[in-house]
Every structure is written in C-alpha cells, then in structure tokens.
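One structure is given here, and the rest of the page talks about it.
The values are calculated or read from the model by the stated rules, or taken from the named source; none is laboratory data. Model, not experiment: these values are computed from the prediction. We place every Cβ from the backbone using ideal geometry, glycine too, and count neighbours over all the protein chains shown. For the accessible areas, the whole protein counts, side chains as well, though only heavy atoms, and no ligand, DNA or RNA atoms are used. Shrake-Rupley method; radii C 1.70, N 1.55, O 1.52, S 1.80 Å.
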Amino acid sequence: MNNKISYLLNTVRCIHRYSSVLTPKSSATTRKHILWIGRYRDPLGNVNFGKLLLNILPSLHGSSLRALSQKTDVYSTGTEALVSEKASQSSLEVEKLDDSGSFKPKHVGDHSDPFFTSLRKCTCPCDALDLASEAAVSIKHYTNSLTMAWRLFKNLSEEQQRYEKQLIFEHPVFVRLCQQLLRDARRMTRGDLVFSLHALVNLGVPQNTLLVQTLVRVCQEKLNQLDNRCISVLATTLAGMEKDKNVSALQAGLQLLVEQRISSIRDIFILQNLMKCLGKDAPVFLKKKLEMAVVREIDGLTFPNALRMFLALAAMNYCSLPILNPCSKKIQENVHDVPFRQLIHILEACHTLQYRNVKLFSALADYVNSTAYLWDKRQIILFLSACEILAFQPTELLDIFAEKVIEDPDFLNLKNLLIVLRVYSRLNHVPRVQKHLFFETLHSCLNKCLPQISNIELLKAVYSLGILGYLPHHALDELLQKDSKGELTLSDDLKEQNTVMFHSVKTCMELDSPSFTKPAFVLTENLSSLVPLNLRKAQEALIELLGDENMFRQNVRLPYRYHIDFEIRMDSDRKKVLPIAATDDHPDSHVQRLAFLFAPVSAFCLGTTHPQGKLAMKKRHLNKLGYHVILVRRALLLSASVLLAAQ
C-alpha cells in the first residue's frame, strides 16, 4: 500500500514539475512542494523515477546523454545519466567570462540583455533553472544559467546542498539544458565551455556521461584558444576529476601549454590553480618555473592567497622556502582571520611539505588558545592532533584542554579518547595542575569503552598511558587476561610494532609500580667496542674530556632491552670521574652512574629540548635503575665543551 501511495505521489510530483515548464511558477513554491514530499530522499532513491519521466516527457526518450562504458553502468535516460550521489567540492572563487573571455568579477553576461539582469537577482540554484525555462533563447543563456546555479549551490551549507541537489537534478529544465550543451558544445565560447564543464563536474554529473566526455574533448580541441583565466578554471576542474583517457590527454596538453605560457602569467591565483592541477607528478623543472613565477609576484601577495598557497604547494609536494616564508609571515599577521578549517589545512600542508616553522605554529596555537571558549571540543582535538603529527607541543592549549576534559568528559567517545591519549603521550605532556585527576578521568573514560574496544586499540590506549607514567589497572588487567588466553591477536602488518608496545607495557608495570625499588646492582653488557659513525665525534669528545678510553663505557645494554650510548661513573658529589674497572661489578651506593643518550632531533618536540614520549619513558626508567640521564641532540656539533654543558 505504501509503495502505491509513493508511486502516486511521485507521479503527481512529476506532472506538477512538468506543468511548471509550461506555466512558470515561483521556485519557492516548487521547492516547498518537493521538500514536503521527500525531504531526505536521494535523487536515485526511487527506481521508478526514470520510467515516470519517460512516460510523462516522451520527448526525452532516447536521450543522447548516455554513459560511456568505463566504470559505471550505461544510463538509459538523461536524468539517470545526470544524477550522481557525490558532488565534488571546489575552492574556486572566480566569476563568469564574457564572449571575449576576459575576466569580469561579479557580473554575468551583457548589461543590455534583461535575461542577465534577472539572472543576477536569482537567490537559489532552481531560480536560475526556472529563469532558463522561461526566457533562455541562446546557448549563452543556458551556460550562464548553469554557472549561476553552481555558484549559488556552492555557497550553501552541506545540508542545504543535499536538498538543492535533489531539486536541481529533478528539475525538467536541467535535462533540457544539458541536451542543449551537448548539441552546441563546439559552438560555445571558450569561457562558456570551461565554466560549463566546471559547473557540471562540481554539481556531480557523472564523469563518464557523454556530455562531460564531449566537453572534455572539445576542451582538448580548443586548448590553444584558452586564455590564462580559462586555463586556471580548467586546471581546477581537472584536479577534481578521476583519471581516464580523455582527462589524462587533456592534462598532458594543459601541462605543455602551461610550460609555454608560464612567463606571461602574472596572477598568483591562476598560478595556484595550475599548481594544484599539475600536482606532485609535474616534472621538477616545471615546479621550479612555477616557483619562480610566484616569487616574481610575491610582493603583491594577499592574505587569502597566502592561505591557498600552502595548499597549492602541498598539492605539488614542493617545499619552496622563498614562497612559504612570506606566506607564513602574512598568515601570522592576519591569524585572527583564519577560519578553523584553514588552520587544519595549513598544519597538514606543513606536514606534507616537511616545513617546520615554530613561529607560525606558535601563532596558530596562541590564536586557538585565546579563543578556545569559541571552539567545540572536537575542533580542538583536531587541532591538537595536527600539532602532534608535527611534533609541536602547544603547552598552554594542552593544559586548557585537559581542564575541559576534567570538567566534561562525556564528549570523549572511543575515537576521540584514543586521539587524546596519542597526543598527550607522544608530546609527553603532563598537565601542570590536576595531573592525577586528568589521568583518572581518562582512565574512567577508557573503562567505559572496554566493551567495544578492539585488542589493538586496548593495547594502544594502555601503552599511551604507560608512556605518561600512569598504570590503568582495570584496562591493564583486561589486556593481560586477553594475552594469557591467547586472545590478544596482533595484525601481521604491524606485528613487530605491537610486540614492542606490549613489551613496553610490561616494563612500565614493573618499573613504574609504587613497589619498585632502585636496585643495588644493575647487570650490564657491552654490545660492541665499535661506535656507530654518527657517534664518533661524541667518542672523541669524551676522550678529550676524560683523557682515557678506560674512563667510560660505550654501547652498553641494560635490562628491559634498554641501551645507552656512553656510561660514566662519578663519585656521589659528581666531582670526580671514576675508572670503569675500579667500580665494575662492585655495587657501591656512593657511585653515581651517568648515562649519555644521543637522540636525533626528531625525538624531541619541535624547537625545544623537551623529549617526546618514548624518549621520556626511557629516561624515566633509566632513572629508576639508578642512572642520571643526560640527553644530547645529535644535531649539535659535539665537543668537550658541549658535553661539559650537558652535565
């Protein structure tokens, strides 16, 4: 019964829409009618829609908008061929071109034509389509209507886009418009051609339809006629399309054209779009040409261009300091105008480019910190996660977020909890106040998630808390119980990494236990007398400092699979270095053991001497074993004076 009612409603609906073509009605009335019938319905949700359209609109039967046989099924009707569930998003912010192809911001068509005057007054995509059904008499009217529909569509919220997309694809004029584009593809102006392709692709028209493929082929034929602005629009469109023969051929031709034209391009916005389109597969020489072209115009860099430049360089995977440094400075000067999503994009781009700018990261963190009350907790988690990937420690923000977790832990679902544990453990950040309460809150949240947590997630959670020196007893018991029953299955691809984590958890259980006492004697072993090449300078510096190789040990292995680079033994006042042979194998409480660890810069938080989680845990455990640990960054030029300063 419900199916019959649905069929009847859809039939009435289609008749109503078709009658609106003959007797134009306001777009608002039509939208209310459709949204009332099926507010959340997908355009492809009703399999009878294509049949209904064929019965009511026989003139559309046998539409030439059928799909090319590539990856999807052949579409039998125009509407079915034009509807897609995925509408790719674009950041292109350009306006329409006139017949000559020149750029005219925020203007559409000819001022003398009343059609374009009415088009500029449209407030939603269907208004533009309704106008096309009432007054369009030329291909330029149709192309401008389509472009205006896309421009209005992209400014809507995600929820509104879902509704409007359904209305656009079900609008009877949309099919007719697409048929008109197909017939007149080779007669379009260059501006109409590239903007129509851009609008169709971003509205979600399937790439393998005859319409889209025809426009791509025509773009190939007219490639040399395109001006710089059209090239920019086409580049942006291709960047959002999947690779196929026609797209790949057009991209190859576009790359050759860019090589010829690059010296004449003075617009940074166009250069950015070209960089995005060419991507990381562009030849190095072309990347350098684009870099020089941007540097040439860098004095005119605006704040929005600085934001987009990070994404453009990341798309090319090309780290250009002459571009990134001025962009970073511009962003720092206007940091309060950066949208939150752009904050994340900037940090992600810096990770891709391996660009480490502590001043930039600090400015972004200070901004988020000063406006933390405005952000949702999940947004702050995203920002902290992006910082963690860069090994950057925003200390004040981490403290503020810890307070938010203590005040309201209910927002921490399993996914967010694992991210928080990973961030704080890797950055080795312990809140300055209410440390124990913060750990207890995380432990409580973890206990609530135990029924739904996987074995690997449980291991990672316990490992993260172990790095911070906290033992979550209930979760730990659960982990050990699974291990004893053989239920702790580790994935093969990360088996070695997971085994190391599990060993670290067991080490934390023993060394971080309140009952553990400092051993009077630690069994050690010299692995080899050979020193790695990267520690030769350190060895020479110790010989220069102490005067004899017998005054220190090198390459020493300790219990719990720990290893130290050099060991020195001193008296309890640390005023005199004792020979190794005189104190070896003789426990003496008056002997102070010094462990030198030479760690790479990547083992410390960015721009600081603050050790990251694994190194901090190793230092803590060596302290428990009776060693005074001295951390030295390998990047330092080692000499006797450096080692003296380290002590």
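Ligands, DNA and RNA aside, residue 389 has an accessible area near 70 Å² when probed at 1.4 Å.
Do any GluC sites (Glu not before Pro) in the range 471-576 lie in a DSSP loop with no more than 16 other beta carbon atoms within 10 Å, and if so, which?
For GluC sites (Glu not before Pro) across the range 471-576 that sit outside H, G, I, E and B with at most 16 neighbouring Cβ atoms in 10 Å, the list reads 487.
In this structure the amide hydrogen of residue 629, modeled in the peptide plane, comes within under 5 Å of the amide hydrogens of 595, none closer than 5 places in sequence on its chain. The stretch between residue 358 and residue 450 holds 29.3 nm of extra length on full extension. This uses 0.36 nm per residue minus the Cα-Cα distance. Comparing Cα centroids, the range 549-619 and the range 392-453 end up 32 angstrom apart. The residue 242 and residue 407 beta-carbon pair, evaluated with R₀ = 35 Å, returns a calculated FRET efficiency of approximately 0.15. How high is the FRET efficiency between residue 503 and residue 337 when r is their beta carbon distance and R₀ equals 60 Å, given to the nearest 0.05? Efficiency at R0 = 60 Å is approximately 0.80.
Convex hull volume of the C-alpha atoms in the range 364-421, normalised per residue: 76 Å³. Magnitude of the charge dipole for the range 119-264, about its Cα centre and with charges confined to Cβ atoms of Lys, Arg (+1) and Asp, Glu (-1), is about 400 debye. Take each peptide in 255-261, 119-125, 610-616, count the other Cβ atoms within 10 Å of every residue, and average; sorted highest first, the result is 610-616, 119-125, 255-261. What is the spin-label model distance, in nm, from residue 583 to residue 266 if the labels are put 7 Å beyond Cα along the C-beta direction? Here the answer is 7.3 nm between the modelled labels. In terms of its alpha-carbon gyration tensor, the range 119-264 comes out prolate; a/c meets the 1.5 threshold, and the first ratio a/b outweighs b/c. Please list, by residue number, everything in the range 194-215 whose backbone N is under 13 Å from a paramagnetic label point 7 Å out along Cα→Cβ of residue 249. Within reach of a label on residue 249: 213-215.
Shape class of the range 179-239 from the Cα gyration tensor (axes a ≥ b ≥ c, square roots of the eigenvalues): oblate, since a/c reaches 1.5 or more and a/b does not exceed b/c.
A Förster radius of 41 Å combined with the Cβ-Cβ distance from residue 257 to residue 400 puts the calculated FRET efficiency at roughly 0.20.
Which residues does a label at residue 623 reach in the range 494-520, if reach means a backbone N under 13 Å from a point 7 Å past the Cα toward the Cβ? Residues 512 qualify, since their backbone N sits under 13 Å from the label point.
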